[in-house]
Structures are given as C-alpha cells and as structure tokens.
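The values are calculated or read from the model by the stated rules, or taken from the named source; none is laboratory data. What you see is a predicted model, and the numbers here were worked out from it, not measured in a lab. Every residue, glycine as well, gets a Cβ built from its backbone with ideal geometry; the counts of neighbours run over all protein chains shown. We work out accessible area using only protein heavy atoms, side chains counted, and drop any ligands, DNA or RNA first. Shrake-Rupley method; radii C 1.70, N 1.55, O 1.52, S 1.80 Å.
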Amino acid sequence: MQQTTDRSGLLLVTGATGKVGRAFIQRVLADGAFAHLRVRALCHNRTLPPQERLECVRGAIQDRADVQRALEGVTHVLHLATSKESPDEVMDVAVKGMFWLLEGCRASATFRQFVLVGGDAAVGHFHYAHPVPVVESQPHSAYPGCYALSKVLEEVMLQQYQIQYGLNGCCLRAPWIMEKDDFRYTLSFGDDVFGGPRWRELVAESEARDHVRTGAVPVMLDPDGQPVQRNFVHVQDLIDAILLAIDAPRARQQLMNVCMDEPVDYGALGAYLARTRGLPLVPIRTPYRSTWLDNSKAKFLLGWRPKFDMVRMVESAWTYERAPDDPRVVWYPG
C-alpha cells in the first residue's frame, strides 16, 4: 500500500490584523495549494471577521501564557508582530514576545517551521552610505532609535535558535512594504503623508500648502544633491515569497532579502510622474543615502520573482480607488 505524507498543518500568524497579516491570510485561505493549512490569528487590539479555516485567539505576545495557548498544535509560525518607535513597548514585543514564541516552538512536538518577516532597518535602511549592494552577509547596522534595534535583535534571536537548537527558521528581510495607495501617500506634502520623511516639515508652511494644492512631488536628494535610491516591496510580492518559503527545504535557516529588483530612484520617479501626470517636482536635499538591497538569494533559493517595479508601483497606487467601507487608516506612521 502506497504511503502518503500528511501535509496538514496549523499556521499561527502574529500581527495578523496588520497590512501583511490581513493580506497573507486572505491569500493563503483562497489558494487551493494551501488548502491543507488552517490559520490561527493571534489578535491583540483588533480582530478579524469569521472565515472558514480561520480561528482568532486573543492575547498579548509578551504574555507567555497567551503565547503558549496560541501555539497549541501549531505546525508553522509566521511572525509579523512588531512595534515602531515605541520605547515603552518595543522590547516587550520584539524581544520578550519573540523569545516566548521561539521557546514554545523549540519545545513543541508539532512545530515544523518558523518564518520571520524582518526589515531592512537591521542594516541601516537609507541612513548610512552603502557603496555596494546590501547582501545578507553584511553586518547589522541599526540606525538611531528603538525600532531598528528591534529588527536586529529579532534576526539575531532567530539565528541563535537555529544554531543552539537546530530550529527550522527562515527570515525574509523586507524594506518598506506598500499596498493599495500607500506609495502615492509617501509623496504627500500634507498631514496625510505615509511614513517619512514628512515633506511638509522640510519646506516653509506656505510652500507646503502650495505643494498640496498642485499635487507636487518631492524628489529626495542625498547630501551631495543626487537623487536617493530607496528600497520598497509590494505586499503581494512579499506574500508570494512567504508562500514559497513555507515548507521549502532550501529556505531552512536562511536569511533572504525580499524587495523590488531595483530600488526606486527618486529622480526617475519624479520624471515619470511629471511626464505621465504633469505633476510639478520639488527637489529636497536630505541627510539620506542611496541603498541597493540585493534580492538575488531569494530569487535563487525560492524561485521567487517580484512582479512590481517602479512603474507598476506608481500605476497601482495612483489608480487605486478605495471602497466606501475601506477608509485610509494608518495605525502607525510607516
């Protein structure tokens, strides 16, 4: 009689109500290739609507009992929960919370894989000069603030559990994650700007008002006056990489950059928006530097290919129309 391998599993998602968590859960539940997986969402402040193969558990990631309850019977963990520049809670979430997760997985009889979505803040983002492409072997270099430090600590903790206990882990290091009309609002001179820089604070107040009225586009320049190159990834490309990494033997204990093939050049971006939409451009010199995050390893090991380049990112964001029940809400600024 032919033997079959039971691929059924229970995947725990932390940060399940965030941008990546919601989109990932929607995709994995709709994709027939993952019909063998059930999803458990660990929810703290917000929750998700009921859906077949989805269960929500309430709890705080920094509470060991909550984490242990959430891990019962779990085969896979997708760790998305994070904290931004919030000194009062960032170490509880990033260090204590991840420690409880890793400890629970290490001791679990059902555990198979831990997937962490990290961030390029761990290698300095655009705060430092990078004369060559940033690859996974580059040393960590957090920029000032607690968020970047937390991204370093997450990667190091996972790496050490892989060394200490042979844990089957995988880290997908992502830059700034875009969805819907996010990319458009990263360029706003208004208070509705998404993330940073906050462009209106880099010009006079009267100029900011004029730029909002005309729809002007900031062109970020480095200290030498050259357009900055900055890394992004669309949420759907990131989810493609996560799905490819699940149960992939070549993903075992690997750290991979997951980003667009080329960073967005703010000079080329401004020229494209001026040509296609007639928008005025406002060059702004900043302290930031160009960075080229290299995604070759993820493409090689996972067979992953990002579908979004600068043009598709622009067109997707500028043509996106929100439904009445889908207001633009920014839970944290970036």
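Which of the numbered conditions does ALA122 fail, given that it passes all the others? Conditions: (1) of a type in the set (Gly, Ala, Ser); (2) open to solvent by 30 Å² or more (accessible area, probe 1.4 Å); (3) without any contact (Cβ under 8 Å) to a residue 60 or more places away in the chain; (4) within 24 Å of GLY18 (Cβ to Cβ).
Here ALA122 meets the rest and fails (2).
Being free of Cβ contacts under 8 Å to residues at least 60 places away in the same chain and in a loop (DSSP other than H, G, I, E, B) narrows it down to one residue among ASP88, ASP66, ASP92; which is it?
Result: ASP88 is the single residue among ASP88, ASP66, ASP92 that is free of Cβ contacts under 8 Å to residues at least 60 places away in the same chain and in a loop (DSSP other than H, G, I, E, B).
Going by what's in this entry, would ALA94 be described as farther than 24 Å from ASP247 by Cα and buried (at least 23 other Cβ atoms within 10 Å of the Cβ)?
Taking the combined requirement at face value, the residue satisfies it.
So which residues in the stretch 69-85 are acidic (Asp, Glu) and either part of a helix (DSSP H, G or I) or modelled with pLDDT of 95 or more (or both), if there are any at all?
Step one: of the stretch 69-85, the residues acidic (Asp, Glu) are 72, 85.
Scanning the stretch 69-85 gives a single hit, GLU72.
Specify the residue that is surrounded by the fewest Cβ atoms within 10 Å (Cβ to Cβ); the eligible residues are those in the stretch 286-327 that are small (Gly, Ala, Ser) and under 22 Å from GLN254 (Cα atoms).
The qualifying residue surrounded by the fewest Cβ atoms within 10 Å (Cβ to Cβ) is GLY303.
Among the residues of the stretch 102-126, write down those that are within 18 Å of the chain's Cα centre (by Cα) and over 24 Å from ALA248 (Cβ atoms).
Hits for the stretch 102-126 are ALA121, GLY124, HIS125, PHE126.
Can you pull out every residue in the stretch 150-167 that is touching a residue at least 24 places away in the same chain (Cβ under 8 Å) and open to solvent by 30 Å² or more (accessible area, probe 1.4 Å)?
LEU153, MET157, GLN159, TYR165 - these are the residues of the stretch 150-167 that are touching a residue at least 24 places away in the same chain (Cβ under 8 Å) and open to solvent by 30 Å² or more (accessible area, probe 1.4 Å).
What residue, of PRO87, PRO50, is open to solvent by 60 Å² or more (accessible area, probe 1.4 Å) and touching a strand residue (DSSP E or B) at 6+ places or on another chain (Cβ under 9 Å)?
Details: PRO87 fails: touching a strand residue (DSSP E or B) at 6+ places or on another chain (Cβ under 9 Å).
Being open to solvent by 60 Å² or more (accessible area, probe 1.4 Å) and touching a strand residue (DSSP E or B) at 6+ places or on another chain (Cβ under 9 Å) holds for just one of PRO87, PRO50, which is PRO50.
For the list (1) surrounded by fewer than 16 Cβ atoms within 10 Å (Cβ to Cβ); (2) closer than 19 Å to SER108 by Cβ, I need the number of the one condition that ILE61 fails.
(1)
Given the structure, is ALA16 out of contact with any helix residue (DSSP H, G or I) (no Cβ under 8 Å at 6 or more places or on another chain), under 20 Å from PHE111 (Cα atoms) and either open to solvent by less than 10 Å² (accessible area, probe 1.4 Å) or not basic (Lys, Arg) (or both)?
Spelling it out, it is not the case that ALA16 is out of contact with any helix residue (DSSP H, G or I) (no Cβ under 8 Å at 6 or more places or on another chain), under 20 Å from PHE111 (Cα atoms) and either open to solvent by less than 10 Å² (accessible area, probe 1.4 Å) or not basic (Lys, Arg) (or both).
Just to be sure before I move on: is LEU167 outside any helix (DSSP H, G or I), under 30 Å from PHE99 (Cα atoms) and at pLDDT 95 or above in the structure I sent?
The answer is yes for LEU167.
Working only within the stretch 235-285, note down all residues that are open to solvent by 20 Å² or more (accessible area, probe 1.4 Å), free of Cβ contacts under 8 Å to residues at least 60 places away in the same chain and assigned to a strand (DSSP E or B).
Selection gives ASP265 alone.
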